Amino acid sequence: MKYGNNMQQANQQRYSVVDIFSTDGRIGRQAYFVYSIILPFALLLVLGSIAGLISKLGSAASAISYVLLAISAIAVLLMVVRLTIQRCHDFNTSGWMSLFAMIPFANIVFALISGNNGLNSFGESPEPPSLAIKIATKVIAGLLIAATAYIALHLLGKL
């Protein structure tokens with residue numbers, strides 16, 4: 001990002017841009033929460049559907065579908081790790097902290113930790129969440145709470 005000498009430009013807030021293909025920069029809590037759920041789900045849905053269609057073509061194609069599923073699992077893992085590294089950068093911590101995201105449900109903690117305001121050692125503040133991100137956060141959180149309550153009630157009913 002270029003910084004001009006213009007006084008008006010100096011008074012404007014600059015933001016870190018989210019790039020899911022990079023470990024540089026910072027990502028806010030709500031964007032991290034939404035991206036770490038929606039993007040892997042969408043990728044696995046698309047590639048899993050393609051793998052399912054390919055597997056119907058025969059035994060050799062079935063092997064190809066397993067390779068495609070393995071590639072999609074690796075792609076999802078890399079995407080989530082990159083997002084978590086950017087999230088760690090937002091609260092001014094090394095990206096190595098993202099290894100804790102390998103613990104089941106630990107990445108929920110990353111969505112709850114508040115980031116630093118303004119510039120830190122990893123860059124400018126992340127962009128404020130858009131209206132779409134705010135709505136998606138509420139919808140996904142509601143669905144997760146409803147699913148958890150349903151499972152808990154179902155398990156209690158089986159006891």
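The values are calculated or read from the model by the stated rules, or taken from the named source; none is laboratory data. Computed from a prediction, not measured in an experiment: that's the story for all the values here. In this analysis, Cβ positions are derived from the backbone assuming ideal geometry, glycine residues included, and neighbour counts consider all displayed protein chains.
Here are some notes:
- A search for C-beta distances below 8 Å between a residue of the stretch 58-86 that is within 11 Å of residue 20 (Cα to Cα) and any residue that is polar (S, T, N, Q) and surrounded by 18 or more Cβ atoms within 10 Å (Cβ to Cβ), counting only pairs 6+ apart in sequence or on different chains, returns 80/36; 80/107; 81/98; 83/36; 84/36; 84/98; 84/107; 85/98.
- Among (1) surrounded by 18 or more Cβ atoms within 10 Å (Cβ to Cβ); (2) free of Cβ contacts under 8 Å to residues at least 40 places away in the same chain - the single one residue 92 does not satisfy: (1)
- Single condition residue 59 does not satisfy, out of (1) within 18 Å of the chain's Cα centre (by Cα); (2) among the hydroxyl-bearing types (Ser, Thr, Tyr); (3) surrounded by fewer than 13 Cβ atoms within 10 Å (Cβ to Cβ): (1)
- Filtering the stretch 14-22 for residues that are under 25 Å from residue 116 (Cα atoms), among the acidic types (Asp, Glu) and in contact with a Ser or Thr (Cβ under 9 Å, 6 or more places away or on another chain) leaves an empty set.
- Yes/no for residue 54 being of a type outside the set (Phe, Trp, Tyr), in contact (Cβ under 8 Å) with a residue 24 or more places away in the chain and on the phi < 0 side of the Ramachandran plot: no
- Qualifying residue in the stretch 43-55 (condition: closer than 30 Å to residue 92 by Cβ and under 23 Å from the mean Cα position of the chain (by Cα)): yes
- Hey, residue 70 over 24 Å from residue 117 (Cα atoms) and surrounded by fewer than 16 Cβ atoms within 10 Å (Cβ to Cβ) or not: yes
- Against the test of being modelled with pLDDT under 85 and part of a loop (DSSP other than H, G, I, E, B), the options 13, 9 yield a single qualifying residue, 13.
- Filtering the stretch 95-118 to residues that are of a type in the set (Gly, Ala, Ser) and surrounded by fewer than 17 Cβ atoms within 10 Å (Cβ to Cβ) leaves 106, 114, 118.
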